[in-house]
Amino acid sequence: MLRREKSAVEHRSPSPGPEASSEQRLANILSSNQTLPVTISSVQIHGAKNTRKDFLDPIFEPIVTGSRQADFTMATMLEQVGEAVQKLQKFDIFHPNIMVHLSQPSQVDPSTTPTDLEVSLAVREKSRFLLKTGTDLGNTEGSAYGSLLWRNILGGAETLTLNAAAGTRTRSAYSAELAAPVQSNPNMRISLEGLASATQKPWASHEEVLKGAGIKLNWLSPLGDQHQVGFAGSWRQLTGLSANASPSVRADAGDSVKNALSYIFTRDRRGNAMLPQSGYLVKTVSELAGWGPLGGDVAFSKSEVELGGAVPVPIPGVKGFSGVSIGAGFKAGMLYPLPLSYGLNGALPSRINDRFALGGPTDVRGFSLGGLGPRDGGDALGGDVYAAGSVNMLVPLPRVGADSPFRIQLFANGGRSVALKSKSKSSKDSGSSQVMSASTVSKGITNATKDIMTGLPTLAAGVGLVYAHPVARFELNFSLPLVLRRGEEGRKGLQVGVGINFL
């Protein structure tokens, strides 16, 4: 049978007005036989007045071209058109209720065949501008924010997002992101980002001012795994030191420049990330800064892994899901100092800007922000190696039911954060008295890892109330530290946590 492609994607401003007779013919075709061979004569998009034709062509042209194959049937056509509609919905430039209409072209046209079908889609574009303002309360901080979103800037699902926020701890934060899909693929986006912020860090007696820019590529694999690779350069300044700042904090005060490559992998199979009742999470974060051609004045490799999961608990006499679940989480990280650029003179110790902070209401509950790990006087310095874990049980409130977003939580969590322990040698070339050789770094990391694995972890347990809002998770917990090392800061009593990711 001769099959042809008459046209690819056409724009028509008015909505289609199919006649009753064509609808009846289509109904007869669909009900008679799904294996009926068909060809697509044209695909028409109605209502996409701000969207470019060359952006939509790669989505629909494969359907038109594929209809020339001998095994292309009605069922195949419906499946592929459905997939194309899903792609349009993922771009977030159209309202989700996209209407699809199939009709047969006029039989008086000598170029048509009895198997030809026309596909028409009626879409409605979302507003190109969206302005949001509001307040946030979470992670021991309150803030006010404003956000401006500009959709479909050039007709190819490009977005520009501008954010501004001011809060009790983050004094100011400004960011801009320009993102666009790659080759009309909603599962692959590239973005350019810029940011500037000033954040008070009272647990370490200083304020950090940061300005930077970067580029990122995000994509979703066929299995549903999320990947992100990026490069970012940033200028950081430790300033605003308090009068009682420790010598360790004062030693890191001033400017530093970090240029880094990063890679993030996320596999999330949980049914509800805010209130996990089943499934699992695997996430890894890798960063390489300052080594080789990257430049900057800090150099290290930094890796983190996060695992989480939950299983439902059946209750005798309760049909279906009881709402009771047991969950667990684990995360660990390592920062490995490297020589700057291509240097062979050794590596500098990590800075407080780059170390891991452990402890807090969304982290290891029952402890202050940065409350676990190395300290100098009253300042939390962060660790080069850390590990933390938690177990919890979620139980629905009495007389509320399993469908409620409220849960009673019983939990126990703990962790350890250790600094790299090493002896250093002076280096006139670097201007630092703490340059470490490769063997020194390796031994220091090995010793720190042994401390993590052999030492008793800092522990806390408690009970609380959880509310899983679609935007964020809220927790009100009563915590009791059980194991506390000298200098670490526990939080006995009530603690409020608001965030997206919890241990």
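Rounded to the nearest 500 deg cm²/dmol, what is the calculated helix-only ellipticity per residue at 222 nm for the chain, with -39500 (n - 2.57) per DSSP H run of length n ≥ 4?
-4500 deg cm²/dmol
Give the residues of segment 353-378 whose amide nitrogen is closer than 15 Å to a point set 7 Å from the Cα of ASP297 in the direction of its Cβ.
353-354
I need to check one value: relative contact order of segment 430-496, counting alpha carbon pairs closer than 8 Å and at least 6 residues apart, in percent.
24 percent
So what's the angle, to the nearest 10 degrees on a 0 to 90 scale, between helix 53-66 and the longest Cα principal axis of the chain?
Long axis of 53-66 versus the principal axis of the chain: about 60 degrees.
So if R0 is 60 Å, what FRET efficiency would VAL471 and ARG68 give, r being the distance between their Cβ atoms, rounded to the nearest 0.05?
FRET efficiency, VAL471 to ARG68: 0.80.
What ranking of ASP255, ASP379 emerges when the number of other C-beta atoms within 10 Å of each C-beta is taken as an exposure proxy, fewest first?
The most exposed by this proxy come first: ASP255, ASP379.
Any idea how far apart TYR145 and TYR342 come out in nm if each label point goes 7 Å out from Cα toward Cβ?
According to this spin-label approximation, the distance is 4.3 nm.
When the label point is put 7 Å from the Cα of ASN163 along its Cα-to-beta-carbon vector, which residues of segment 193-218 have a backbone N closer than 19 Å?
Label zone hits: 193-201, 208-218.
Take ARG355, ARG486, ARG189 and order them by how many other Cβ atoms sit within 10 Å, fewest up front.
If I rank by nearby Cβ atoms, fewest first, I get ARG486, ARG189, ARG355.
Considering the dipole of the chain built from charges on the beta carbon (Lys and Arg +1, Asp and Glu -1) around the Cα centre, which of SER41, PRO349, GLN80 is farthest to its positive end?
Going by the Cα projections, it comes out as PRO349.
Of TYR336, TYR342, how do they rank once you tally other Cβ atoms within 10 Å and put the fewest first?
TYR342, TYR336
Can you give the relative contact order of segment 309-446 as a percent, counting alpha carbon pairs under 8 Å and 6+ residues apart?
About 24 percent, as a whole number.
Normalised by the number of residues in segment 196-310, what is the relative contact order in percent for Cα pairs under 8 Å and 6+ residues apart?
Once normalised by length, the contact order is 20 percent.
Using θ = phi - 60° and the Karplus relation 6.51 cos²θ - 1.76 cosθ + 1.60, list the HN-Hα couplings for segment 239-247 in order, rounded to whole Hz, with x at every Gly or Pro.
9, x, 5, 6, 5, 9, 4, 6, x
If you take the alpha carbon radius of gyration of the chain and divide it by 2.2 N^0.38 Å, what ratio comes out, to two decimals?
Its radius of gyration relative to the 2.2 N^0.38 Å reference: 1.22.
Every number in this text was worked out from the coordinates using simple rules, so none of it is lab data. If you're wondering where the values come from, they're calculated on a predicted model, not measured in any experiment. Counting neighbours? That spans all protein chains shown, and the Cβs are built from the backbone with ideal geometry, glycine included.
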